[in-house]
Amino acid sequence: MNETIKLYDQDAYATEFTARVISCVKVDAGVEVILNQTLFFPEEGGQSADQGTINGVEVLDVQINKGVITHLIKENIEEGTVVTGVINWKHRFSNMQNHTGEHILSGLIHKKFGFDNVGFHLSDQIVTMDMNGYVDDEQLRLIEEEANEAVYANLPVEAVYVDHDAAKTMKYRSKIDIPGDVRIVTVPGYDICACCAPHVARTGEIGLIKILRSDKYKGGIRLTILCGSRALEEVSMKQNQIMALSKMLSANPEKLTEAVTGLQDEIFRLKGVISSIEEKQIDAKAEDIPEGQPYITIFEPELSSNVHRYYVNKLIQKCSGICGVFVGNDEDGYRYIIGSSSIDVREINNIFREKLGAKGGGKPEMVQGSLCGTKTEINSIIIRMVGYDKKRD
């Protein structure tokens with residue numbers, strides 16, 4: 001079968017085309033249609049496929065294999081039929097903005113630091129680019145500034161096919177041996193790279209290039225970026241969140257960090273007050289427990305981690321065997337801390353793991369974890385562990 005004519009290579013801004021159906025095959029997901037030519041860019045080079053319709057029927061997916069492009073739709077179309085395809089322009093243009101923006105960022109990082117883009121993902125929700133070297137936050141801020149200067153300059157973006165032999169002598173980013181002619185995308189002064197995807201005609205159409213976050217990744221860095229309309233939506237959403245927080249905290253937007261820090265300090269202070277009150281309550285409860293108990297089990301619906309451990313330490317002083325505090329309920333399970341001054345509590349932890357699916361561990365004198373079980377089951381295991389049931393018999 002002949003390769004599909006890629007109309008998007010001829011005009012990335014065209015939105016409607018006609019074509020002849022070469023093949024139409026039913027598959028589990030619908031119908032795979034091959035046309036003699038298409039404007040639909042397939043999922044390729046890390047970028048999601050174009051969206052749109054063929055004869056009014058939604059195109060669900062577009063794939064390419066050995067130059068042949070397949071469109072997945074739900075309805076059968078007779079071979080030989082001439083059809084009309086329509087591209088979802090908003091989606092196409094957004095991908096063009098983001099892909100060209102990524103080229104500018106990758107080109108700048110390569111130019112300044114010598115790092116290569118070793119991974120690229122442009123989906124309908126997120127855009128990520130993986131560089132094989134580390135760039136710190138301040139360096140990225142300057143890269144972002146310079147990338148947007150390329151946008152303001154409204155430079156022409158050129159995409160041309162270069163003869164295979166001529167391409168071998170050219171200098172361009174991400175150079176690999178590609179069979180046949182090589183499609184080279186150039187942003188003057190910023191990037192020259194082989195690429196199969198549609199791009200904007202001028203950098204000014206990108207509108208905005210924004211680096212949202214950076215993460216260390218496989219010895220390098222993964223950047224999450226957005227460009228154009230997606231970047232505007234992201235900035236607008238965050239601005240709305242900032243204004244909402246500003247109202248909630250009665251603080252000007254530029255004072256939000258200060259206001260949140262003050263709130264965190266107050267929360268920390270109140271947690272200390274609550275812990276102090278809880279510890280006094282625990283002291284009172286522990287005081288009422290007689291000395292020398294063979295086992296003690298306490299069940300509480302809620303306790304902070306610090307107070308939980310404080311409780312067990314208090315109970316150990318009253319207990320000759322095993323004591324434990326279980327936080328939660330029979331339906332959702334319990335967080336537990338178990339301690340003893342005379343018994344290796346890791347043994348009972350192993351039983352909990354076997355019988356109640358417990359997860360956790362610790363030292364001979366104290367273990368902690370979580371389990372799914374009832375008060376009755378927990379008490380039964382502990383009673384048997386200390387031999388209290390035998391004493392009663």
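Annotations for the structure displayed:
- Options VAL21, VAL62, VAL31: the member that is within 29 Å of THR100 (Cα to Cα) and either surrounded by 14 or more Cβ atoms within 10 Å (Cβ to Cβ) or touching a Leu at 6+ places or on another chain (Cβ under 7 Å) (or both): VAL62
Residue-wise test of (1) buried (at least 17 other Cβ atoms within 10 Å of the Cβ); (2) in the same structural domain as TYR311 (by TED's automatic domain parsing); (3) under 39 Å from the mean Cα position of the chain (by Cα).
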{"position": "GLU331", "(1), (2), (3)": "no, yes, yes"}
{"position": "SER342", "(1), (2), (3)": "no, yes, no"}
{"position": "ILE348", "(1), (2), (3)": "yes, yes, no"}
{"position": "LYS359", "(1), (2), (3)": "no, yes, yes"}
{"position": "PRO364", "(1), (2), (3)": "no, yes, no"}
{"position": "GLY369", "(1), (2), (3)": "yes, yes, yes"}
{"position": "GLU377", "(1), (2), (3)": "no, yes, no"}
{"position": "GLY387", "(1), (2), (3)": "no, yes, no"}
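- For LYS318, the requirement of being more than 30 Å from PHE268 (Cα to Cα) and not assigned by TED's automatic domain parsing to the domain that holds LYS271 is met.
- Helices (runs of 4 or more DSSP H) wholly inside region 86-171 that include at least 3 residues being in the same structural domain as TYR190 (by TED's automatic domain parsing) and under 28 Å from the mean Cα position of the chain (by Cα): 89-113, 137-152
- Odd one out for VAL82 among (1) within 20 Å of the chain's Cα centre (by Cα); (2) not assigned by TED's automatic domain parsing to the domain that holds ILE176: (1)
- Taken as a whole, the structure places ASP191 among residues that are crowded, with 22+ Cβ neighbours inside 10 Å and over 20 Å from the mean Cα position of the chain (by Cα).
- Contacts under 6 angstrom Cβ, first residue in region 358-381 being of a type in the set (Lys, Arg), partner surrounded by 16 or more Cβ atoms within 10 Å (Cβ to Cβ), 6 or more apart: LYS359/GLY369; LYS359/SER370; LYS375/PHE299
- Residue in region 329-339 that is assigned to a strand (DSSP E or B) and of a type in the set (D, E, K, R) present: yes
- Number of the exception - ILE274 against (1) surrounded by 11 or more Cβ atoms within 10 Å (Cβ to Cβ); (2) under 17 Å from GLY339 (Cα atoms): (2)
- Matching residues in region 286-301 - criterion: being in contact (Cβ under 8 Å) with a residue 12 or more places away in the chain and either loosely packed, with under 15 Cβ neighbours inside 10 Å or assigned to a helix (DSSP H, G or I) (or both): ALA286, PRO290, GLU291, GLY292, PRO301
- Candidates GLN281, GLN241 - the one that is assigned to a helix (DSSP H, G or I), under 30 Å from GLU102 (Cα atoms) and polar (S, T, N, Q): GLN241
- VAL68 vs. criteria touching a Lys or Arg at 6+ places or on another chain (Cβ under 6 Å) and not acidic (Asp, Glu): no
- Residue check, ASP215 touching a helix residue (DSSP H, G or I) at 6+ places or on another chain (Cβ under 9 Å), acidic (Asp, Glu) and exposed (fewer than 13 other Cβ atoms within 10 Å of the Cβ): no
- Looking across region 116-152, the residues that are out of contact with any strand residue (DSSP E or B) (no Cβ under 9 Å at 6 or more places or on another chain) and under 20 Å from ILE192 (Cβ atoms) come down to GLU146, GLU149.
The values are calculated or read from the model by the stated rules, or taken from the named source; none is laboratory data. This structure is a prediction, so every number in the text was calculated from the model and none was measured. So basically every Cβ, Gly included, is an ideal-geometry build from the backbone, and we count neighbours across all protein chains shown.
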